[in-house]
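S.K.: For reference, the structure I am asking about is given below.
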Amino acid sequence: MNNRILMLCGVLLVTACGGNQKGTETAAPAVEESAPLVVYSSRAEQLIAPIFAAFTEDTGIEVQYVTDDPQPLIERLKAEGENTPASVLLTVDAGNLWFAADQGVLAGLDSQTLKAVVPSFLRDSQDRWFGLSLRARTIVYDTRVVNPSQLSDYASLADEQWQGKLCLRTSKKVYNQSLVAMLIETLGAAPTETIVEGWINNLATDVFPNDTKLIEAVADGRCAVGIVNTYYLGRLQKQGELPVGLYFPTEADGGVHVNVSGAGVVKNAANPEAAQLLLEWLVGDRGQALFANENLEFPVRSDVTPHPIVDAWGPYSASTVPLENAGIRQAEAVKLMDRAGYR
């Protein structure tokens, strides 16, 4: 992703709009109207531009942003140190957020609004980052050949019944690294390695570069089952019906592995007050609606209705194991996948 800077200008007066969930109102931090807010973001420009435009419209705070992949942005923050112009790091996956915090580029944030809205398992235990939207990484299946009663949890995809029928995305993507990390956290390393080996034995074809290609392979009949982030299916469903269903592991089976897109205030933030206001605005009514609808993710707030496509998938039980463990065990997960032959 090329670095780009886009300036969004607003002329409205600053308003306290971050804590607009009932019971979470807090006084907005004082923000100088003339000071721009610089965000380093790994999220695609087409997803964040409308969100930042709305924030500017609501608050009058000018937003500038730079987009790149998570690792280069974190390294950039480390290199810039006290001279960084950035005040917010916005990225996907708890593994990336944990790494940023571990590298010392994020500051703890004492925001009662964020603490009241974002469940503890979806934020850093030291409040250095907060989940802003949810993505469920769950099972997809070919509705023509698979009965949902045949499905249960992620481990069951290693069963013999799925031999030659399973499709996976590459292990190089952080989404699968976090899934395996959380399996290690809940099941232990040895059982998880056996599961991953079973997955590899059951592959119908080579691993895919992205979830979209995997879903298309299920629709084409090349795979019977697979594991994807749900919003990839939502994007395809926008274009038309597919013979692809979603299966959410039940609470009895450990629940659904969820992850987040999230953000934290940069340790050497040039504009920490505006940074806090942005994060609080993003968990407010308008921020949550935009964040969820632009990418077909689930709102981090249960009282905000998701996009109709997402809402139609129905409720699910999310695993409540703290997501920071996805980062803590990330290196262990990568080594495990390598040993199991998961490329």
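S.K.: Restricting attention to the stretch 234-331, which GluC sites (Glu not before Pro) occupy a DSSP loop and are surrounded by at most 12 other Cβ atoms within 10 Å? Could the numbers behind the result be given before it?
M.R.: Values: sites: GLU241, GLU251, GLU273, GLU280, GLU294, GLU297, GLU324; in loops: GLU241, GLU297.
Those satisfying the criteria are GLU241.
S.K.: Of the trypsin sites (Lys or Arg not before Pro) in the stretch 167-204, which ones lie in a loop per DSSP and count no more than 14 other C-beta atoms within 10 Å?
M.R.: Working: sites: ARG169, LYS172, LYS173; in loops: LYS172, LYS173.
Counting only loop positions with at most 14 other Cβ atoms within 10 Å, the trypsin sites (Lys or Arg not before Pro) in the stretch 167-204 are LYS172.
S.K.: To continue, here is another question. Can you run phi through the Karplus equation (6.51, -1.76, 1.60; θ = phi - 60°) for the stretch 337-342 and list ³J(HN,Hα) in whole Hz, with x for Gly and Pro?
M.R.: 5, 4, 4, 7, x, 8
S.K.: With just the Cα atoms defining each centre, how far is the stretch 259-331 from the stretch 145-183? Give it in Å.
M.R.: 25 Å
S.K.: What whole-number value in cubic angstrom gives the convex hull volume per residue for the C-alpha atoms of the stretch 161-266?
M.R.: On the way: hull volume 15.2 nm³, N = 106.
Output value, Cα hull per residue: 144 Å³.
S.K.: Students often get this wrong: which residues of the stretch 207-234 have the backbone nitrogen under 19 Å from the point 7 angstrom along Cα-to-C-beta of ALA44?
M.R.: 208-217, 228-234
S.K.: Excluding same-chain pairs closer than 8 in sequence, count the lysine pairs in the chain whose Cα atoms lie under 21 Å apart.
M.R.: 9
S.K.: Report the rotationally averaged projected area of the stretch 217-337 based on its alpha-carbon convex hull, in square nanometres. Don't skip to the end; give the middle numbers.
M.R.: Numbers: hull surface 41.7 nm².
About 10.4 nm², averaged over all directions.
S.K.: A further question on this structure: Rolling a 1.4 Å sphere over the protein heavy atoms, what is the accessible area per residue of the stretch 67-109, to the nearest Å²? All intermediate terms of the calculation are to be shown ahead of the outcome.
M.R.: Details: 1520 Å² over 43 residues.
I get 35 Å² per residue for the stretch 67-109.
S.K.: What number, rounded to the nearest 500 deg cm²/dmol, is the helix-based mean residue ellipticity at 222 nm of the chain, given -39500 (n - 2.57) per DSSP H run of at least four residues and division by all its residues? Could you put the intermediate results ahead of the total?
M.R.: Values: 13 runs with 126 residues, N = 343.
Taking each H run of at least 4 residues, the total per residue is -10500 deg cm²/dmol.
S.K.: Distance in nm between label sites at ALA252 and ILE309, each 7 Å beyond Cα in the beta-carbon direction?
M.R.: 3.2 nm
S.K.: Going from the alpha-carbon gyration tensor of the chain, what semi-axes, largest first and in whole Å, does one get by taking the root of 5 times each eigenvalue?
M.R.: Numbers: eigenvalues 256, 88, 63 Å².
In descending order the semi-axes read 36, 21, 18 Å.
S.K.: For a Förster distance of 30 Å, can you work out the FRET efficiency between the beta-carbons of LYS78 and ASP206, rounded to the nearest 0.05? Write out the running numbers ahead of the final one.
M.R.: Working: r = 36 Å, r/R0 = 1.18.
Using R0 = 30 Å, I get an efficiency of 0.25.
S.K.: Right, next: Which ³J(HN,Hα) values in Hz, rounded to whole numbers, follow from the phi angles of the stretch 35-49 under the Karplus curve 6.51 cos²θ - 1.76 cosθ + 1.60, where θ = phi - 60° and Gly and Pro get x?
M.R.: Per residue, the Karplus-derived 3J(HN,Hα) values read 7, x, 9, 9, 10, 9, 9, 9, 7, 4, 4, 5, 8, 8, 4 Hz.
S.K.: Ignoring any ligand, DNA or RNA, what whole percent of the accessible area of the stretch 208-261 comes from carbon and sulfur when the probe is 1.4 angstrom?
M.R.: Details: 910 of 2060 Å².
Carbon and sulfur atoms account for 44 percent of the accessible area of the stretch 208-261.
The values are calculated or read from the model by the stated rules, or taken from the named source; none is laboratory data. Given the structure is predicted, the values throughout are model-derived calculations rather than measurements. Note that each Cβ is placed from the backbone with ideal geometry, even for glycine, and that neighbours are counted across all protein chains shown. The protein model used for the area step is the full one, side chains on, heavy atoms only, and it has no ligands, DNA or RNA in it. Shrake-Rupley method; radii C 1.70, N 1.55, O 1.52, S 1.80 Å.
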